[in-house]
């Protein structure tokens, strides 16, 4: 009998149906030569400290560092989990072959390998590796089963991550709690939770919080003028004193405005790249206010319901072989309807009649390791919740848009002079919407949006001064751009100058969207898509784990939400102030650890070396903290 094991009962039922294992048993399905069972996520975990030594059960500085000679695993202490494990163990003992159908990723591999180890499996093991849960994908996966040995590096990377988190979390949490906590016991005891990823993430928020709290606004003055209902701004920039600004104002007051030059430059903007998990979470937070965790849960649901592909990915590319499937996916999107309307039908129709565009920015097998970018499967969705429909809509529109041509636009820059003072304005005109038509809403006007100030003047957008080819037309593809009246070189006329006092503003608080981007690039502020992609290897945390890290910071009362903003609490700030070891707080150093874990997965780094380095580092951290003779204590944040 062949035993298949999935990560969830719902996934197991789909697999069993396709394999013909239709008879229900206690904890598994059976039929057609197969037994199909399941885990509930993790059934096993690394042993706790007291499982190694009795004295490690008690929190004591004298017991630190706790470094087991060899790490072991155990079945999680839960009656339901223990029962399911015993069912799996019995099935394994009678299996001629096991097929690992766990989620096709690092965590999924670890979950199933631990169960097999604990059940002492000694029969051959195959691996089902698929990127979507459609019936066709499952059938193809079973026709092309892989050897379990092919995924050994994936398992070793997951195991190294788990051991690393245990070593740092168990030791550093006890260390800082005992050394700097409130020394209370029972329900009033305060645990100072330290984590390999959560602590540098908290440090990012605390650093930004301090920049905001310590910011002192400074006044400056901006000289501008309105000519032909269009606002021009002095190119000299900001005046740091009112007197200097007034002197410039007096030079131009009452004198005519003269157009010195009018230049037009054509540019193109490529479609946005396909979604990986982080970019999807970022857009969902910005557009809908969804937390990273809510977006992850929603896209996971869409994946399990067969509507989208595997979500826990960090690439924005597709493999070349997916190209042949795209017309079929488009057909599914053409048929998709919500409340009787087909939102994608016309968009898909415009692409018909000719082969779909095949861009290297979309199809590049060399940029894909385990799974490709998140795209729809072509299965027509039914009964979506509001959140599921919103997330699905983002994925579909992004997918359709990459097959549309570039957006073409013209940037107009007008330079004018009053006396010797130079003024400038800039605006954009879309010549050919290209891919942007995919993001037009039904009620969008065809004319370009015009900004206005209190005087009713047309204003150019801030990003209109950017280089078109590099910066594009704006961050949100649904935004329209400012266009300008027709100006002619040499024309002149009256104008209305203004001298406006403003104040410098502090940095913005992190939102979940901007924090996810910061985690992705190890704290570096990067807007350029290409550079950001290059930094992903050194990002902190995995795409699938970042949502959980942020939620942990909330649960520990280290951070709080204020509308969309993330603020550090007093406890969070005090904890980061107390930690002197850069290894614990530096996003860059943690990013280096992440790079090593990726290299283990790709056979470029040794797992044993990674663990040994961590053992040395945690020993050094313990010794440094124990040598601290200060009597610092971290107060507890009142719970809301």
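Values as computed for the structure displayed
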| read-out | value |
| --- | --- |
| Alpha-carbon centroid distance for the pair segment 143-219 / segment 240-283, whole angstrom | 41 |
| Mean separation of Cα contacts under 8 Å (6+ apart) over length of segment 277-401, as relative contact order % | 35 |
| Gap separating the Cα centres of segment 348-427 and segment 81-114, nearest whole Å | 41 |
| Relative contact order %, the chain, counting alpha carbon pairs below 8 Å whose residues are six or more apart | 18 |
| Relative packing of 110-117, 244-251, 574-581, which averages over residues the other C-beta atoms within 10 Å, highest first | 110-117, 574-581, 244-251 |
| Shape call, the chain: gyration tensor on alpha carbons, a/c limit 1.5 | oblate |
| For peptides 39-48, 143-152, 407-416, sequence by mean Cβ density within 10 Å, most packed first | 407-416, 39-48, 143-152 |
| Contact order normalised by residue count of segment 2-144, Cα under 8 Å, 6+ apart, percent | 26 |
| Computed [θ] at 222 nm, helices only, for the chain once each DSSP H run of length n ≥ 4 contributes -39500 (n - 2.57) | -11500 deg cm²/dmol |
| Protection proxy ranking, peptides 491-501, 514-524, average beta carbon neighbours within 10 Å, highest first | 514-524, 491-501 |
| Shape category assigned to segment 277-401 from the gyration tensor of Cα positions, a/c cut at 1.5 | oblate |
| 0 to 90° range, to nearest 10: angle between helix 292-304 axis and the chain longest Cα axis | 60 |
| Cα-based shape type of segment 2-144, given that a ≥ b ≥ c are square roots of the gyration tensor eigenvalues and the cut on a/c is 1.5 | prolate |
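Just so you know, all these numbers are worked out from the coordinates, no wet-lab data involved. Keep in mind that what you see is a predicted model, and the values were worked out from it rather than measured. Here the Cβ is made from the backbone with ideal geometry for all residues, glycine too, and neighbour counts use every protein chain on show.
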